[in-house]
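Everything on this sheet refers to the single structure shown next.
The values are calculated or read from the model by the stated rules, or taken from the named source; none is laboratory data. Bear in mind that the values here come from a model prediction, so they are computed numbers and not experimental data. Here Cβ is always computed from backbone atoms with ideal geometry, including for glycine, and neighbour counts include all displayed protein chains. Surface accessibility is based on the protein's heavy atoms, side chains included, excluding ligands, DNA and RNA. Shrake-Rupley method; radii C 1.70, N 1.55, O 1.52, S 1.80 Å.
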Amino acid sequence: MAHSGEVRWTSPSNIALIKYWGKHGRQLPRNPSISFTLSNCVTDTTVNYLIDEKLDALNIDFYFEGKANQAFGSRIETFLSSITDHLPWLNTAQLKVESSNSFPHSSGIASSASAMSALAMCLVDINQTILGNPNLNMTLASELSRLGSGSASRSTIPLLGQWGKCEIEGSSDNFAIPYGNAIDQIFHTYHDDICIVSADEKSVSSSAGHSLMDKSVFAQQRYEQAGQRLYSLVEAMRKGDLETFGPIVEDEALTLHGLMLCSEPSFVLMEPNTISIINAIRAYREETGTPVYFTLDAGPNIHMLYPHAYADQIAKWSEQVIKPLCHNGRIIKDIVGNGPKKLK
Ligand code: PMV
């Protein structure tokens, strides 16, 4: 029987508190990770589909922000062709995929987590229609997201997504699981102000970055450290203990950058203003006791993390101190969120 229709989902970006760095096999993590799911930085994806046994191959047209995009299209085609063991109907599918981001394209924000999870949500939605299932398979959504981009597995999870086998019950290398219900309320409305230091393309792709770990002399210690830190972090989050939470998060970001500084070849991904913002955050915290901490992705931009109760106070300070250190004064304000949403 042929199936046709259209599905539309948004899915957010996420920011890792314990970083996934190093992978093996079919996009499996070398260490467990955990992240806040964001709200405002989302990818909006519509998939128009015709599935018909008479079609003898997968065919895809891809549009990014309204324009046909060959480069992204072929990455998506490679991804879809790699998951036909999960979704055999992809072998006889004609798809038109239209995607756009809520955040500016060249803002230095990694979009693969939101993009791959939004696409995975559309695919799982179509799969549900084909199988006639009443429930959306969210485990499959996380697993397919992971196969697209490892960290995307966590974007399908509300509030706090944990990915990678560890001491947490139900954890898996194949998909992420929710941990948000186990944490203090203070983290349910946590803020992430993304301070854009540079909007340039990343100088090292995340795949190339992960593969640097294969040759790192620190690899084994690092994988163990991530597991131990994750355990201490979730304990602190359960108790709402910001004085334990914050330093772990900062150490994680600096460890990630430290690993890249001493990898072969070496990468310096921070910019001078990245360091200036780190110093400004630390000085402000020491002077005022405000619990604001930073983290970084594999790039120069600073994610400033703090509880909602401090939002007004931090906005005044950051307007004066942090904004002038950002590229075109750009700070993207985000907050912890509930994961993917279906749109009509
Ligand atoms: O999902 P990838 O392959 O783009 O890797 C993401 C790696 C980091 O963003 C640096 C850390 C993380 O856990 O998100």
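Put simply, of Val197, Val249 the only residue that is touching a Cys at 6+ places or on another chain (Cβ under 8 Å) and surrounded by 15 or more Cβ atoms within 10 Å (Cβ to Cβ) is Val197. Scanning the range 1-26 for residues that are among the hydrophobic types (A, V, I, L, M, F, W, C) and more than 16 Å from the ligand (Cβ to nearest atom) turns up Met1, Ala2, Val7, Trp9.
Could you please give the count of residues in the range 178-224 that are of a type in the set (Ser, Thr, Tyr) and under 24 Å from Glu243 (Cβ atoms)? Give the steps one after another, and end with the answer.
Going through the range 178-224, the residues of a type in the set (Ser, Thr, Tyr) turn out to be 179, 189-190, 198, 203, 205-207, 211, 216, 223.
If we keep only those that are under 24 Å from Glu243 (Cβ atoms) as well, we get 179, 189-190.
Qualifying residue count, the range 178-224: 3.
Has the range 302-312 got at least one residue that is within 24 Å of Asp44 (Cβ to Cβ) and open to solvent by 10 Å² or more (accessible area, probe 1.4 Å)? Yes.
If you scan the range 80-127, which residues turn out to be among the aromatic types (Phe, Trp, Tyr) and within 16 Å of the ligand (Cβ to nearest atom)? Let's see the steps before the verdict.
As a first pass, look at the range 80-127 and keep what is among the aromatic types (Phe, Trp, Tyr): 89, 103.
Correct list: Phe103 only.
Screening the candidates Ser151, Ser171 for the property of being within 16 Å of the ligand (Cβ to nearest atom), touching a strand residue (DSSP E or B) at 6+ places or on another chain (Cβ under 9 Å) and open to solvent by less than 10 Å² (accessible area, probe 1.4 Å) yields one hit, Ser171. Looking at the range 176-283, the helices (runs of 4 or more DSSP H) lying wholly inside it that each contain 3 or more residues that are of a type in the set (D, E, K, R) sit at 219-239, 242-261. Filtering the range 212-224 for residues that are more than 16 Å from the ligand (Cβ to nearest atom) and within 18 Å of Ala110 (Cα to Cα) leaves an empty set. Farther than 18 Å from Asp184 by Cβ, touching a strand residue (DSSP E or B) at 6+ places or on another chain (Cβ under 6 Å) and either hydrophobic (A, V, I, L, M, F, W, C) or open to solvent by 50 Å² or more (accessible area, probe 1.4 Å) (or both): is that true of Phe267 in this structure? No. The set of residues in the range 27-50 being open to solvent by 10 Å² or more (accessible area, probe 1.4 Å) and more than 13 Å from the ligand (Cβ to nearest atom) consists of Ser39, Asn40, Val42, Asp44, Thr46, Asn48, Tyr49, Leu50.
Counting only residues that are within 15 Å of Ile186 (Cβ to Cβ) and in contact (Cβ under 8 Å) with a residue 60 or more places away in the chain, how many does the range 203-244 have?
4
Residues in the range 313-332 that are open to solvent by 100 Å² or more (accessible area, probe 1.4 Å) and closer than 18 Å to Val292 by Cβ: Lys316, Glu319, Gln320.
Tell me yes or no: at least one residue of the range 282-290 is in contact (Cβ under 8 Å) with a residue 40 or more places away in the chain and in contact with a helix residue (DSSP H, G or I) (Cβ under 8 Å, 6 or more places away or on another chain). Outline the logic, then answer.
First pass over the range 282-290, keeping only residues in contact (Cβ under 8 Å) with a residue 40 or more places away in the chain: none.
Scanning the range 282-290 turns up no residue that is in contact (Cβ under 8 Å) with a residue 40 or more places away in the chain and in contact with a helix residue (DSSP H, G or I) (Cβ under 8 Å, 6 or more places away or on another chain).
Just checking, does the range 291-310 include any residue being more than 16 Å from the ligand (Cβ to nearest atom), in a helix (DSSP H, G or I), of a type outside the set (D, E, K, R) and more than 22 Å from Leu325 (Cα to Cα)? Yes, the range 291-310 contains a residue that is more than 16 Å from the ligand (Cβ to nearest atom), in a helix (DSSP H, G or I), of a type outside the set (D, E, K, R) and more than 22 Å from Leu325 (Cα to Cα).
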